[in-house]
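Worksheet: the structure to be examined is printed underneath.
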């Protein structure tokens, strides 16, 4: 799916990279799990398409790479 492992990973990345409030939260994270925890602390558990950020199908390695790129960028 657009270079991502699966729909859930692509969807979570899409929302984080295109919604300012999600992007700002993700930029403070040091890992995907930390990002999920920060989102949950802000009352956010799923994307606008109803994909949970803690969905077991989300590829953690790919999302960790995305978080690293956000921090560096």
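A few notes on this one:
- Pairs, first under 15 Å from residue 51 (Cα atoms) in the stretch 1-19, second surrounded by fewer than 18 Cβ atoms within 10 Å (Cβ to Cβ) and at pLDDT below 95, C-beta under 6 Å, six or more apart: 7/1; 10/1; 10/2
- Residue pairs meeting the criteria (Cβ under 6 Å; at least 6 apart or on separate chains; first within 15 Å of residue 29 (Cβ to Cβ), in the stretch 46-73; second surrounded by fewer than 18 Cβ atoms within 10 Å (Cβ to Cβ) and modelled with pLDDT under 95): 62/5
- Filter result (farther than 14 Å from residue 62 by Cβ and in contact (Cβ under 8 Å) with a residue 12 or more places away in the chain) within the stretch 22-33: 22, 23, 25, 27, 29, 30
The values are calculated or read from the model by the stated rules, or taken from the named source; none is laboratory data. The structure presented is a predicted model; accordingly, all values stated were derived computationally and were not measured. Please note: Cβ atoms are built from the backbone with ideal geometry, for glycine as well, and neighbour counts cover all protein chains shown.
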